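S.K.: Take a look at this one; I'll ask things after.
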Amino acid sequence: MGIIYLSPFVFNCDHNPSLVAGGALALLRMRRLARLVFGLAVAQLIVFSSSMVSDALLLHLENEARAEAAAAPACCYDAIVVLGGSIGAAIPPVRPDPQLYDSSDRIWHAARLFHRGVAPRIIVSGGSYQVEAGAVPATQTEAVAMRQFLLALGVPEDRIVMEGKSLNTLENMRETRALVGTAQVALVTSAFHMPRALRMARKAGLEAAAFPTDWQILPTSGLSWESLLPSVGALAGSGLAIKEYLAWAFDFRSAGVNRSP
């Protein structure tokens, strides 16, 4: 029963390339080494599919975001900046409307901050690989999709600024820095992403204060037996956290931005 239960994780090569390596070794008749690699891969999947491990990895990042948010002034900023990765752009005729993701909390939170008077405008920052590559000429940028959502949430059209060039966090910061200069902005992104986003902002010379959202970890009174079992959700959470830690450790890109206003 254990192998049947774990089958979605054991054979999910997207999360664990070690499985591919083990298969290659088996084809090369290096069976002993292949068994070792397969065993390590399955052990890794079991560990990262545990809610206890996933929660611990994410909680460290979110606690940093909480500390940054506590230090941020409540008001007033030149703009609220919403980072991409929170909504799927429309791809007509296949997908005529934008698609909301789990992290679409970012856009909703930005609208709430705007209506609260935190800043007089919202900058939506996010491009599109399809538009950049020209593969689907009609595809919107993510900035356009975010703008549509903000309009539906009651933000006036003339209060939304679109930045549709950036394809990653550092480019978000570079392009936003070019728009606002040395002015301070309220940065909105997922809590687990906030520590790295602030690091990228500082690298680009962008004065940003943390307004995190999309919290993944909720306080609990104790462990439950379900948390001891592997789950797809926990594996996904571990993947989010590991991506942040790896990018934090190995992203040595230069900001490459003019520091003048």
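The values are calculated or read from the model by the stated rules, or taken from the named source; none is laboratory data. Just so it is clear, the model here is predicted, and its values are computed rather than measured. Positions of Cβ are backbone-derived with ideal geometry, glycine not excepted, and every protein chain shown enters the neighbour counts. Accessible surface is based on the protein model in full, side chains and every heavy atom, while ligands, DNA and RNA are left aside. Shrake-Rupley method; radii C 1.70, N 1.55, O 1.52, S 1.80 Å.
S.K.: Being among the aliphatic types (A, V, I, L, M) and within 13 Å of Glu142 (Cα to Cα) is the filter; apply it to the range 156-178 and report the residue that is most open to solvent (accessible area, probe 1.4 Å).
M.R.: Quick first cut of the range 156-178, residues among the aliphatic types (A, V, I, L, M) only: 160-162, 167, 170, 173, 178.
Next, only the ones that are within 13 Å of Glu142 (Cα to Cα) stay: 161-162, 167.
Working: Val161: 40, Met162: 92, Leu167: 46 Å².
If we take residues in the range 156-178 being among the aliphatic types (A, V, I, L, M) and within 13 Å of Glu142 (Cα to Cα), then Met162 is most open to solvent (accessible area, probe 1.4 Å).
S.K.: Now for a different question. Could you tell me which residue of the range 155-202 is farthest from Ile87 (Cα to Cα), considering only residues that are part of a loop (DSSP other than H, G, I, E, B) and free of Cβ contacts under 8 Å to residues at least 24 places away in the same chain?
M.R.: Initially, the range 155-202 is screened for residues part of a loop (DSSP other than H, G, I, E, B), giving 155-156, 164-168, 181-183, 189.
Going one step further and asking which of them are free of Cβ contacts under 8 Å to residues at least 24 places away in the same chain, we end up with 156, 168.
Details: Pro156: 19, Asn168: 14 Å.
Taking the candidates together, the pick is Pro156.
S.K.: Among Val37, Val47, Val42, Val53, which is the only one that is within 20 Å of the chain's Cα centre (by Cα), more than 30 Å from Met162 (Cα to Cα) and either at pLDDT below 95 or surrounded by fewer than 20 Cβ atoms within 10 Å (Cβ to Cβ) (or both)?
M.R.: Values: Val37 fails: within 20 Å of the chain's Cα centre (by Cα); Val47 fails: within 20 Å of the chain's Cα centre (by Cα); Val42 fails: within 20 Å of the chain's Cα centre (by Cα).
After ruling out the rest, the residue left standing is Val53.
S.K.: Please go through the range 63-84 and give me each residue that is open to solvent by 30 Å² or more (accessible area, probe 1.4 Å) and among the hydrophobic types (A, V, I, L, M, F, W, C), ordered by number.
M.R.: Of the range 63-84, the ones open to solvent by 30 Å² or more (accessible area, probe 1.4 Å) are 63-64, 66-71, 73-76, 78.
If the condition is that a residue be open to solvent by 30 Å² or more (accessible area, probe 1.4 Å) and among the hydrophobic types (A, V, I, L, M, F, W, C), then Ala67, Ala69, Ala70, Ala71, Ala74, Cys75, Cys76 are the ones that fit.
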